[in-house]
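Asks: Structure below; questions to follow.
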Amino acid sequence: ASDQSTPLSFLYVGDAQNYILELWSRVIRNAYKKAPNADFFIHAGDLINTAHDESEWNEWFAAGGFIHSEIPAIAVPGNHEYRGLNANRPRDKRELSIQWNAQFGFPKNGPQELLKTCYYVDYPNLRVIALNSNRAIELQSQWLKKVLQENDKKWTVVTFHHPIFSASTGRDNPELRKHWKPLFDQYNVDLALQGHDHTYARGAIYENPILVNKNDQNKTVKGPVYVVSVSGGKMYSVNESGWDEFGAVQEKNGERKQLFQHISIDGDQLIYRSFTATGELFDRFELLKQNGKNQYID
């Protein structure tokens, strides 16, 4: 990476997990086609379905082919990267995929107990923080607070697997909201990129919701814009109740769509675009940073 504050861009996908070679391959290849000069690729967990299965990892690497050696990966483990080593009792003593640490060269700047599954990566104007939403949530919050306190970058992106606000029915992650969300708000995190729910949702909490009109194009947000997305072929239905009970406004949702996202940052502007597997624009927004606050342009 350049040591100067030059424009950068990156790609982000949710769960590849199922039908990796059959269906996910077209997503990663069209993502590369859309942004061949992207600085890195974020994979928000559940890269495969069965943690220790060598054939599934082989499919994941084959689906991306040379792309994996062209664009650096920033990945976090999902729940499917944890499984018991005894094939007859997969839910007993769930352990991180035995391939994870051997095949990924992630930084070792996170908690020792979560080696290469919780870490951060710095660019001149961006800090990307990868969190492990499967284990030691409270421990990570202590580490996260320190990493955010010491952060001098203009933009901050966090990525983890289980969403702060779930997008599909019958799911909820209150422990993450309790321990992580207050830190995201306090330290003005810009984007939270998540997976797990096998559907799509995007939204935020407004700083002054009572003053926001539904048709306003320019809104000040408190904390990050939250995105849940899926790139593989396994799909769930959207929870139609949205995020109102959490004080968050869900601006866009969708289901039964394989998606990839391209995010570009240039100075005080962040542009987010979500595309279908065939490269059609599905969602878009901008963040404009003014005096440390983000104007959310929908």
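Asks: Can residue 125 be described as in contact with a Ser or Thr (Cβ under 6 Å, 6 or more places away or on another chain) and more than 16 Å from residue 159 (Cβ to Cβ)?
Replies: So residue 125 passes the test.
Asks: From the residues in the range 267-286 that are small (Gly, Ala, Ser) and within 28 Å of residue 5 (Cβ to Cβ), which one is least open to solvent (accessible area, probe 1.4 Å)? Write out each step before concluding.
Replies: Keep residues of the range 267-286 that are small (Gly, Ala, Ser), which gives 267, 274, 277, 279.
Filter again for within 28 Å of residue 5 (Cβ to Cβ), leaving 267, 274.
Details: 267: 36, 274: 0 Å².
Residue satisfying both the conditions and the ranking: 274.
Asks: OK, next. Checking the condition in contact (Cβ under 8 Å) with a residue 60 or more places away in the chain and under 18 Å from residue 221 (Cβ atoms), which residue from 163, 182 passes? Quick ask: steps written out before the conclusion?
Replies: On the way: 182 fails: in contact (Cβ under 8 Å) with a residue 60 or more places away in the chain.
So the residue among 163, 182 that is in contact (Cβ under 8 Å) with a residue 60 or more places away in the chain and under 18 Å from residue 221 (Cβ atoms) is 163.
Asks: Can you name the residue in the range 184-200 that is more than 15 Å from residue 128 (Cα to Cα) and not acidic (Asp, Glu) and is also surrounded by the fewest Cβ atoms within 10 Å (Cβ to Cβ) among such residues?
Replies: Ranking the qualifying residues of the range 184-200, first place goes to 186.
Asks: Follow-up. Applying the selection to the range 267-281, what residues are touching a strand residue (DSSP E or B) at 6+ places or on another chain (Cβ under 8 Å) and touching a residue at least 60 places away in the same chain (Cβ under 8 Å)?
Replies: 268, 270, 272, 274, 275, 277
Asks: So, in the range 90-104, how many residues would count as being small (Gly, Ala, Ser) and either loosely packed, with under 14 Cβ neighbours inside 10 Å or without any contact (Cβ under 8 Å) to a residue 24 or more places away in the chain (or both)?
Replies: The total comes to 1.
Asks: Pairs only if they're at least six apart or on different chains, beta carbon under 7 angstrom, first in the range 105-117 and open to solvent by 60 Å² or more (accessible area, probe 1.4 Å), second charged (D, E, K, R); list them, first residue then second.
Replies: 108/116
Asks: Which one of 91, 127 is charged (D, E, K, R), assigned to a loop (DSSP other than H, G, I, E, B) and in contact with a Lys or Arg (Cβ under 9 Å, 6 or more places away or on another chain)?
Replies: Every option except 91 fails the conditions.
Asks: Next up: Take residue 134 and decide whether it is open to solvent by 40 Å² or more (accessible area, probe 1.4 Å) and within 19 Å of residue 196 (Cα to Cα).
Replies: Here the answer is yes, as residue 134 does meet what is asked.
Asks: In addition: Is it true that residue 296 is of a type in the set (Ser, Thr, Tyr) and closer than 21 Å to residue 181 by Cα? Step through it out loud before you land on a result.
Replies: Working: of a type in the set (Ser, Thr, Tyr): yes; closer than 21 Å to residue 181 by Cα: yes.
Spelling it out, residue 296 is indeed of a type in the set (Ser, Thr, Tyr) and closer than 21 Å to residue 181 by Cα.
Asks: Residue check: is residue 18 in contact with a Lys or Arg (Cβ under 6 Å, 6 or more places away or on another chain) and open to solvent by 10 Å² or more (accessible area, probe 1.4 Å)?
Replies: Judged against the criteria, residue 18 is a match.
Asks: A further question on this structure: Condition first: crowded, with 17+ Cβ neighbours inside 10 Å, at negative phi and in contact (Cβ under 8 Å) with a residue 60 or more places away in the chain. Can you find one or more residues in the range 52-75 that meet it?
Replies: There is at least one residue in the range 52-75 that is crowded, with 17+ Cβ neighbours inside 10 Å, at negative phi and in contact (Cβ under 8 Å) with a residue 60 or more places away in the chain.
Asks: Being touching a helix residue (DSSP H, G or I) at 6+ places or on another chain (Cβ under 9 Å), closer than 27 Å to residue 126 by Cα and open to solvent by 60 Å² or more (accessible area, probe 1.4 Å) is true for just one of 222, 252. Which residue is that?
Replies: 222
Asks: To continue, here is another question. Give me the residue from the range 118-131 that is open to solvent by less than 20 Å² (accessible area, probe 1.4 Å) and of a type in the set (Val, Ile, Thr) and, out of that set, farthest from residue 183 (Cα to Cα).
Replies: Here the residue is 128.
Asks: From the list 158, 189, which one is modelled with pLDDT of 95 or more, assigned to a loop (DSSP other than H, G, I, E, B), closer than 26 Å to residue 5 by Cα and within 17 Å of the chain's Cα centre (by Cα)?
Replies: The conditions single out 189.
Asks: Restricting attention to helices (runs of 4 or more DSSP H) lying wholly within the range 1-87, give those where 2 or more residues are charged (D, E, K, R) and closer than 23 Å to residue 116 by Cα.
Replies: 54-64
The values are calculated or read from the model by the stated rules, or taken from the named source; none is laboratory data. What you see is a predicted model, and the numbers here were worked out from it, not measured in a lab. Please note: Cβ atoms are built from the backbone with ideal geometry, for glycine as well, and neighbour counts cover all protein chains shown. What goes into the accessible areas is simple: the full protein's heavy atoms, side chains included, and nothing from ligands, DNA or RNA. Shrake-Rupley method; radii C 1.70, N 1.55, O 1.52, S 1.80 Å.
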